[in-house]
Amino acid sequence: MTNITIVGGGTAGWITAAVLSHGLPKERFKITLIESPNIRSVGVGEATIPPIVNLLQFLNIDPIDFVQSLQATFKYGIQFEDWSELNTSYMHAFGDLGFPYEQTPFSDLWLHYRQSLNLSPLNDFSATAIAASKHAFNPPHTLPPNANPNDYYPLSTLFYAYHFDSQSLANYLTNIALKNGVHHIKDTVDDVKLNQQQHIASLTLQSGRSIEGEIFIDCSGFKGLLSKQVYQLPFTSYQRQLPCDSAIAIQTKSTVDATPFTRAIAMKNGWRWQIPLQNRRGNGYVFASQFCKYQQALDELEQALLNDTIITEARLLEFETGHLTTPWYRNCVAIGLSSGFFEPLESTSIHLIQKHVFALKDALLSNNQQIQQKQLEFNHSFNQDAEEIRDFLLMHYCTTKRQDSQFWQYCQNMPIPASLSAKLSEYDLTGKITLGENPIFPYQSWLQVLTGQQVFPTTLTRLDKARCSAQQASLFFQSVNQSILQQVNSLPSHRNYLANLMRL
């Protein structure tokens, strides 16, 4: 019997407990979660990306019950406002862009003819972006059994995610984990004892109880009780490249219908989020304290929310962007905020928890001879994910054309890592970006943000041989856009879709 002890509850702790208790055989693993009654959950992540659907499927969660219990809404993407310049906007939408023309990818053809045909933005060729702009929603339609691979079915590409209250998610998963046999202890860790090999041997609780184990998972949040305080693991900081280090969170009353997208609105010294739930709206201002002090940021946020009814006190969160270099060290695995933090610009927080827990589950199912190799693979994959997210977030900032504050001037001129520089250079020359295996953000995500930021390739050597005349291309783009519009117009509104779910 392998004893797994999870330190900390919240989103990270209960996702970990739910996945491991469902995915590991009970005759081989015993799982205990220790949750301090004195520690408040951070609860920043309220928006997700499409792989959250896989988590629900793995845990056999009924999506209707999920939406009803969490007062959740649906998400087709993120609308970026004022990022490139003031009074501009674009959407990073989930799902596919357009449809290939014979053997030519849609994005290649669009880049090739964008200027000569004066084509409309990429969002006009995304079913999810158009549905989001019309405040419509429906899960993706399944393809008919006799579907022709050469036919275009826009509604089959409606990838989606959720907005929800993170504490409600933790409570929901608590019930699942407890039903799966997780032992829940409400107590505070007072001391950590190591053995001769410097592995964690046991935890001493304030009640005097001792908890022994073979695997200890640190889900204790920013404090990193095991990984940072006991082992003092090295931390890779991205503060120079991603200078935002503070966030103010405020909840407001819902006064309008919830949109099927998150809003990320650039501000003078950072950006603010707007996340619609059924019963309220989450708001926050992520800012860089070197350019803007707390009171100034609060004033800016309250001014932006002047027409809204604020229902909670403002809460300040301070953080350093970066991550542990070895989140799995000896018999301790850091997951969630204890392993690192990235501002919630692209809603990656919950996804990283989910991804790393699944990787840990698979590693624990391997035999003892493989576990060391699995540990190396886990840490390698973790660092790859972190660098990919760093580059993707940084791209939003370094491509801005705004000059209206010291913050945005800094973003234009700050040093960027060689990995991002290589991606931007490749895109400039070819319109393509080489990504790693199983990237979190596929090429179409990079393309949507770059073109939304008004960054286009200066040369397109790869695309000069597109087998399509300008006249053929013009007709093709019209047909793709019309197909999407025609089918999206048949979708129910997000409001009505939610109302029907809540009545079931």
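The candidate values are (1) 40, 29, 19; (2) 39, 26, 25; (3) 35, 26, 23; the one derived from this structure for semi-axes √(5λ) of the Cα gyration tensor in Å carries the label (2).
Between residue 204 and residue 171, the contour length at 0.36 nm per residue exceeds the Cα-Cα span by 9.3 nm.
Share of antiparallel DSSP beta bridges in the range 1-129, in percent to the nearest 5?
Counting only bridges with both partners in the range 1-129, antiparallel ones make up about 50 percent.
The angle between the Cα long axis of helix 349-365 and the main principal axis of the chain comes to about 60°, on a 0 to 90 degree scale.
Roll a 1.4 Å probe over the protein chains and send me the accessible area per residue for the range 88-192 in Å². Display every interim value, and only then the final one.
Values: 4760 Å² over 105 residues.
I get 45 Å² per residue for this part.
How much FRET efficiency would the formula 1/(1 + (r/R0)^6) give for residue 120 and residue 422, where r is the Cβ-Cβ distance and R0 is 35 Å, rounded to 0.05? With a Förster radius of 35 Å, E is 0.70.
Do you know the relative contact order of the chain, to the nearest whole percent, from alpha carbon pairs under 8 angstrom that are 6+ apart? Each step should come with its number before you reach the end.
Values: 925 pairs, mean separation 113.3, N = 504.
Relative contact order of the chain: 22 percent.
For the range 1-73, give the percent of accessible area contributed by carbon and sulfur heavy atoms, probe 1.4 Å, rounded to a whole number. Can you show the working numbers first?
Working: 1260 of 2670 Å².
Of all accessible area on the range 1-73, carbon and sulfur atoms account for 47 percent.
What fraction of the Cα pairs in the range 280-368, stated in percent, has a spacing above 15 angstrom? Percent of Cα pairs beyond 15 Å in the range 280-368: 71. Amide H to amide H, with H built 1.01 Å from N, residue 163 comes under 5 Å of 73, 74, 75, counting only residues 5 or more places away or on other chains.
Rounded to the nearest whole Hz, the Karplus-based 3J(HN,Hα) values (6.51 cos²θ - 1.76 cosθ + 1.60, θ = phi - 60°) of the range 244-257 follow the sequence 4, 9, 8, 8, 10, 10, 9, 9, 10, 6, 6, 10, 10, 4, with x at glycine and proline.
Dipole of the range 131-267 computed with +1 at Lys/Arg Cβ and -1 at Asp/Glu Cβ about the Cα centre; of 170, 142, 160, farthest Cα towards the positive end is 160. Only beta bridges with both residues in the chain are counted; by DSSP, about 70 percent of them are antiparallel.
Distance between the C-alpha centres of the range 473-504 and the range 102-157: 11 Å, rounded to the whole angstrom.
Dipole of the range 395-504 computed with +1 at Lys/Arg Cβ and -1 at Asp/Glu Cβ about the Cα centre; of 472, 415, 398, farthest Cα towards the positive end is 472.
Nearest 0.05, what FRET efficiency do residue 366 and residue 54 give at R0 = 25 Å with Cβ-Cβ as r?
Details: r = 21 Å, r/R0 = 0.84.
With R0 = 25 Å, the Cβ-Cβ based efficiency is 0.75.
Just how large is the dipole of the chain about the Cα centre, in debye to the nearest 20, putting +1 at every Lys and Arg Cβ and -1 at every Asp and Glu Cβ? Don't skip to the end; give the middle numbers.
On the way: 36 positive and 42 negative charges, 89 e Å.
Value, rounded to 20: 420 debye.
Thinking of the range 264-414 as a set of Cα atoms, what percent of all their pairs are more than 24 Å apart? When all Cα pairs of the range 264-414 are counted, 47 percent exceed 24 Å. Taking 28 Å as the straight-line reach from the Cα of residue 26, the lysines in range (excluding those fewer than 8 positions away in the same chain) are 179, 186, 193, 355, 361, 374.
The values are calculated or read from the model by the stated rules, or taken from the named source; none is laboratory data. Everything numeric in this text was worked out from a predicted model, so none of it was measured. Because the Cβ atoms are built from the backbone with ideal geometry, glycine has one as well, and the counts that use them run over all protein chains shown. Remember, those area values only see protein heavy atoms, side chains included, never the ligands or the DNA or RNA. Shrake-Rupley method; radii C 1.70, N 1.55, O 1.52, S 1.80 Å.
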